Amino acid sequence: MLYFRSVPFPNGTKQPDVEKALRRYALKRTSSLDFKSSTINIGIDKLFLGLERKSSLNFTRLRTSFEILLPKLIVNLPKDPEAIAYKIRLSAIPSALCILLSLGVVLLIIGFITGTAKLEGIVFIIVAVIVFTLLLKLEIRLLHLKVLKSINMADK
């Protein structure tokens, strides 16, 4: 698994507090979250889908059907009480899309070098990379807000 971001816990928050908060607001699942649908359109008090592993907990944000275009992210929270951050990675389908876009950029660069790049291909790849990046940034922001919300609600 390729984790691309590590997010430190909020000031004064320890790993057991974050684990307790995320567990409290998660629906438990027993299989990998990569291909599990995380779309729920009814109002529930849960914010995440969760999966417990031997050394860590994985969570993904519950989404509405309007958010289906946002790339799905998986949060990895170590069970180690001394941990100071959680890690984020793309799930399987957005990872495959990211690889395809990266391949497109490499082929675009090769096309520039050889002089065979076409304007339509250039525009398509650039727009696709920009849109994917913006959607990814939005999803990271939403995920971070949900984690903070669950920590704040657990404190009350």
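The values are calculated or read from the model by the stated rules, or taken from the named source; none is laboratory data. Model, not experiment: these values are computed from the prediction. Note: ideal-geometry Cβ built from the backbone for every residue, glycine included; neighbour counts use all protein chains shown.
A compact table of results
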item	result
Pick from region 5-20, criterion outside any helix (DSSP H, G or I) and more than 17 Å from the chain's Cα centre (by Cα), ranking: modelled with the highest pLDDT	14
Residue, farthest from residue 151 (Cα to Cα), within region 6-20, restricted to residues that are surrounded by 11 or more Cβ atoms within 10 Å (Cβ to Cβ) and touching a strand residue (DSSP E or B) at 6+ places or on another chain (Cβ under 8 Å)	6
Wholly enclosed strands (runs of 3 or more DSSP E) of region 21-62 bearing at least 1 residues among the polar types (S, T, N, Q) and either in contact (Cβ under 8 Å) with a residue 12 or more places away in the chain or touching a strand residue (DSSP E or B) at 6+ places or on another chain (Cβ under 8 Å) (or both)	56-61
Any hit, region 75-98, residues being part of a helix (DSSP H, G or I), farther than 14 Å from residue 60 by Cα and either touching a helix residue (DSSP H, G or I) at 6+ places or on another chain (Cβ under 8 Å) or basic (Lys, Arg) (or both)	yes
